[in-house]
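The values are calculated or read from the model by the stated rules, or taken from the named source; none is laboratory data. If you're wondering where the values come from, they're calculated on a predicted model, not measured in any experiment. Don't worry about glycine lacking a Cβ; one is built from the backbone with ideal geometry, like all the others, and counts go over all protein chains shown. Note: accessible area is taken over every heavy atom of the protein model, side chains too, but ligands, DNA and RNA are not part of it. Shrake-Rupley method; radii C 1.70, N 1.55, O 1.52, S 1.80 Å.
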Amino acid sequence: MTPQADSMQISKTDLTTRYESVFRSYLKGATEKDLAEAYELGRKAFAQDIGILEIVLLHHSALAGASSQGWQHNEVQRIAKLSGQFLAEVFSAYELGRRSYHDTVSSLRHLNELLEQELKRIAHAVHDEAGQLLVAAHLAMADVMCGATPRMRGRLRQVARLLDQAEKHLRQFSHELRPTVLDDLGLVPAIRFLANGVSKRTELPIRVTSSFNRRLPPAIEIGLYRVVQEALTNVTRHSRARNVRVELRRKGEKILCTVQDDGVGFDPQTVLSKNGKKGLGLIGIQERLNVLKGTFHVKSQSGRGSKLFITVPLGGG
Ligand SMILES: Nc1ncnc2c1ncn2[C@@H]1O[C@H](COP(=O)(O)OP(=O)(O)OP(=O)(O)O)[C@@H](O)[C@H]1O
Ligand SMILES: [Mg+2]
């Protein structure tokens with residue numbers, strides 16, 4: 001551990017002792033120095049992921065400890081005020097953290113919007129420009145075909161068939177990249193379209209069921225589409241599953257979505273805490289859902305497949 005990191009750390013026992021001592025000192029002298037120390041203790045506690053509830057209990061016990069000295073009746077109001085000021089100072093770091101979390105979420109939302117615009121641009125480029133090039137390749141081949149021997153023509157027809165396939169795949173990719181069906185028809189048809197494409201490429205049966213077919217706010221439709229897209233990519237890359245099921249339903253004011261496979265399974269805790277090179281998929285899912293105020297968790301057992309549970313509040317878009 002670096003000396004700098006060392007000076008940041010504080011053990012829970014030290015935190016308790018320091019807190020009680022500074023708190024008492026503040027009740028006596030109400031100095032700025034004590035408040036500065038209160039802020040510092042709050043900052044360290046926040047950096048060490050000590051929860052608000054723990055701080056409140058610590059404060060309560062410090063207050064109870066200080067009150068055992070016995071206060072005059074007329075002092076109680078002053079003590080209550082100082083106690084509140086002290087606690088507010090301790091929580092300053094938490095408040096800053098909360099604000100910066102909201103700033104981060106709003107930057108992420110903005111980034112996602114930029115990303116979607118960029119994906120739209122790439123999808124159009126792949127569709128139109130690559131499509132044009134393939135048409136040009138077909139025309140050039142037709143030209144060559146005229147003067148070719150019958151044997152060469154057979155070979156050229158094979159190449160033309162390959163070009164057709166490449167064109168079909170490029171079209172499918174460009175639609176999946178930013179499916180117009182998502183804008184035109186909504187989330188469920190877009191996920192069916194995506195599942196269909198993945199199934200064709202991988203020969204993995206993917207069943208999509210849904211108990212609703214209404215349009216959702218655009219941010220939720222795009223966010224959930226991307227989450228399911230990454231989940232299906234993971235299934236095809238890692239799970240060795242034989243069957244996949246995507247289910248979408250509405251429960252009150254929430255959309256629930258599950259992606260289940262019957263493959264090898266994995267432990268998300270281990271995967272996410274893995275040192276070194278980590279994947280970006282699950283983190284990306286988490287970040288997309290943060291923006292939508294949604295959540296996800298994975299149920300999985302080795303050899304028994306995985307199930308991703310995604311929840312998004314309808315007001316989250
Ligand atoms: N459905 C699944 N079945 C089995 N293992 C999975 C499944 N989904 C994820 N995993 C495991 O979780 C790991 C992390 O997934 P994540 O999507 O975060 O990264 P990645 O797929 O390895 O890389 P990236 O998504 O950045 O291309 C995977 O490497 C894999 O070991
Ligand atoms: Mg992945």
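Which lysines, on any chain, are close to LYS307 with Cα under 19 Å apart, when same-chain ones fewer than 8 places away are left out?
Within the straight-line cut-off, LYS307 pairs with LYS251, LYS254, LYS299.
Mind putting a number on the dipole of segment 179-317 about its Cα centre? Charges go on the C-beta only, +1 for Lys and Arg and -1 for Asp and Glu, and I need it in Debye to the nearest 20.
Numbers: 23 positive and 11 negative charges, 54 e Å.
Roughly 260 debye for segment 179-317.
Using a Gaussian network model of the chain with C-alpha springs under 10 Å, which one of GLY223, GLY147, GLY265 is most mobile by mean-square fluctuation?
Largest GNM mean-square fluctuation: GLY147.
Keeping every protein chain present and rolling a 1.4 Å probe, give me the accessible area per residue for segment 179-317 in Å². Please list the in-between numbers first.
Values: 7550 Å² over 139 residues.
Each residue of segment 179-317 exposes 54 Å² on average to a 1.4 Å probe.
What is the percent carbon and sulfur in the accessible area of segment 18-123, measuring with a 1.4 Å probe over the protein chains and ignoring ligands?
Here it works out to 58 percent.
Check the straight Cα-Cα distances from LYS168 and name the lysines below 30 Å, setting aside those fewer than 8 residues away within the same chain.
Here the lysines satisfying the reach criterion relative to LYS168 are LYS120, LYS200.
Give the angle, between 0 and 90 degrees and rounded to the nearest 10, that separates the Cα long axis of helix 92-125 from the longest principal axis of the Cα atoms of the chain.
10 degrees
Quick one: if you stick a label point 7 Å off each Cα along the C-beta vector at ARG171 and LEU108, how many nm between them?
Taking the two extended label points, one gets 3.7 nm.
Can you pull the one-decimal nm distance between simple spin-label points at ASP143 and VAL56, each 7 Å off the Cα toward Cβ?
Taking the simple label geometry, ASP143 and VAL56 are separated by 7.7 nm.
Could you give the accessible area per residue of segment 1-113, probe 1.4 Å, as a whole number in Å²? It would help to have the intermediate numbers written out before the result.
Working: 7300 Å² over 113 residues.
That works out to 65 Å² for each residue.
For helix 150-177, report the angle its Cα long axis makes with the longest principal axis of the Cα atoms of the chain; keep it between 0 and 90° and round to the nearest 10°.
30 degrees
Give the whole-number value, in cubic angstrom per residue, of the convex hull volume spanned by the C-alpha atoms of segment 3-90.
Working: hull volume 7.6 nm³, N = 88.
Convex hull of Cα atoms, per residue: 87 Å³.
Give, as a single signed number, the net charge of other residues whose beta carbon lies under 12 Å from the beta carbon of ALA66, with Lys and Arg counted +1 and Asp and Glu -1.
Working: positive: ARG24, LYS28; negative: GLU20, GLU75.
Neighbourhood net charge equals 0.
Which three semi-axes in whole Å describe the equivalent ellipsoid of the chain, each the square root of 5 times a Cα gyration tensor eigenvalue, listed largest first? The partial results should precede the final answer.
Numbers: eigenvalues 709, 83, 75 Å².
Semi-axes (√(5λ), whole Å): 60, 20, 19.
Name the longest site-free stretch of the chain, where the excluded sites are GluC sites (Glu not before Pro) in a DSSP loop with no more than 16 other beta-carbon atoms within 10 Å. Write out the running numbers ahead of the final one.
Working: sites that count: GLU203, GLU253.
Between exposed loop sites, the widest span is 1-202.
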